[in-house]
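The structure appears right after this line, and notes come after that.
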Amino acid sequence: MSPARDLALIGLEVPNKLSVVLGHILPSTVPTTRLLRREQFLLGTEARVLRLLRQSAVPCVPSLLYYDPQDTLLGSAFLVRQYIHGSTLQELESQLTIEDRRELDRQLGLLMNMIGQHAANSFGTLEQVALGSGTRSWREAFLVHFESILRDSEDVFVHLPYAEIRHQVCRLSPVLDEITLPRLVICDFGRPSAVLLDPVSKQLAGIVGFDSALWGDVYMGEIFEDPSPAVLDGFASRDIDCEPDLIRQLLYACYRSIHNITIQYYRERNSAAETEARRRLTRILTKMAAIDVVETHVDV
């Protein structure tokens, strides 16, 4: 693993009145600070996504103003993007009416659909696909991605039922072979801390946090874990209710739970968040173990 580094985000007003955010990876002065494996390319992934989405005029996405993968002055990756004014959904959620929330969910579903229209010729991280080292199999790409977070956990001695997790994920992974078109998916899409709203109108102002992007199954987006009817309506999708769909959602939810547990050992630890993630992982593994047969003939 490369030397430990921290991500710094700085917001400021520049003379032309454009608000920007500077993001860069700083060499850490704290030897114990570590990054997850996927975070090694955090700013590079964000830059690739922002370029791609602005080229196709996807709304509510900040403009990428500058990116240097190895800034000569700072000695680290450096990114400048537009700052989106607004408050997070996490802050305003209690103030939304039922109709406000329904309209927001519809807008998020529509936005997820627009993002998912971007396709590639192979599966994997944006870095891998850009370098020509992606894979033709979503199952293979997902298992590599999953193994990465498990190894992050093992590196810091997180107590998890690793053998059972690997067994269930491998056993159920054939349903992933039904996904044959690599589509752009922001895995954290819909997370309340990354959805920005106008504090007055409560309308969607923008989204941030694109570093979790992959070329994979668009339904890996967090917003599809328990989607409202309005999300599915905006996305123009059928309900996620057939067995292969549900199994894929269990696989993705299993990954998210392990990530949410593991991140507590790489950042300031939140015991309540870890406890909830562990409970969710236990429920998910129980559901996975109860599945006897995996059917792989349903159209997607």
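Please treat every number below as a calculation from the coordinates, not as lab data. Please read these numbers as outputs of a predicted model, since none were measured by experiment. Neighbour counts are summed over all protein chains in view; Cβ atoms, including those assigned to glycine, are modelled from backbone coordinates with ideal geometry.
Across 5 Å bins from the origin, how do the percents of Cα pairs in the range 238-289 run, short distances first?
4, 21, 26, 19, 14, 9, 5, 2
For the range 167-243 and the range 126-148, compute the distance between their C-alpha centroids and round to whole Å.
Here the two parts' Cα centres lie 18 Å apart.
Which of rounded, prolate or oblate describes the range 115-206 when judged by the alpha-carbon gyration tensor and an a/c cut-off of 1.5?
Oblate, since a/c reaches 1.5 and b/c is not below a/b.
Quick one: 3J(HN,Hα) in Hz for the range 194-207, Karplus 6.51/-1.76/1.60 with θ = phi - 60°, rounded, Gly and Pro as x.
10, 10, 9, 10, 5, x, 8, 7, 6, 7, 5, 9, x, 10
Under a 5 Å amide H to amide H cut-off, with H placed in plane at 1.01 Å, what residues pair with Leu197 once short-range neighbours are removed?
Ser87, Thr88, Leu89, Ala205
Just to check I understand the Karplus step: with θ = phi - 60° and J = 6.51 cos²θ - 1.76 cosθ + 1.60, what whole-Hz values come out for the range 43-60, glycine and proline as x?
Per residue, the Karplus-derived 3J(HN,Hα) values read 6, x, 5, 4, 4, 4, 5, 4, 4, 4, 6, 6, 4, 9, 6, 5, x, 6 Hz.
Viscosity 1.567 mPa s, temperature 4 °C: give me the Stokes-Einstein translational D for the range 86-289 in µm²/s, with Rh taken as the Kirkwood radius over C-alpha pairs.
The estimated diffusion coefficient comes to 72 µm²/s.
I need the phi-derived Karplus couplings for the range 261-268: 6.51 cos²θ - 1.76 cosθ + 1.60, θ = phi - 60°, integer Hz, Gly and Pro marked x.
The phi angles translate into 6, 5, 4, 5, 8, 10, 10, 4 Hz.
For an R0 of 45 angstrom, estimate the FRET efficiency from the Cβ-Cβ distance between Val200 and Ser122 and round to the nearest 0.05.
Step by step, r from the Cβ atoms, then E = 0.55.
List Asp292, Asp100, Asp211 from most exposed to least, where exposure is judged by having the fewest other Cβ atoms within 10 Å.
The order, fewest Cβ neighbours first, is Asp292, Asp100, Asp211.
Give the order of Phe157, Phe235, Phe210 when sorted by the count of other beta carbons within 10 angstrom, beginning with the fewest.
So the ranking, lowest neighbour count to highest, is Phe157, Phe235, Phe210.
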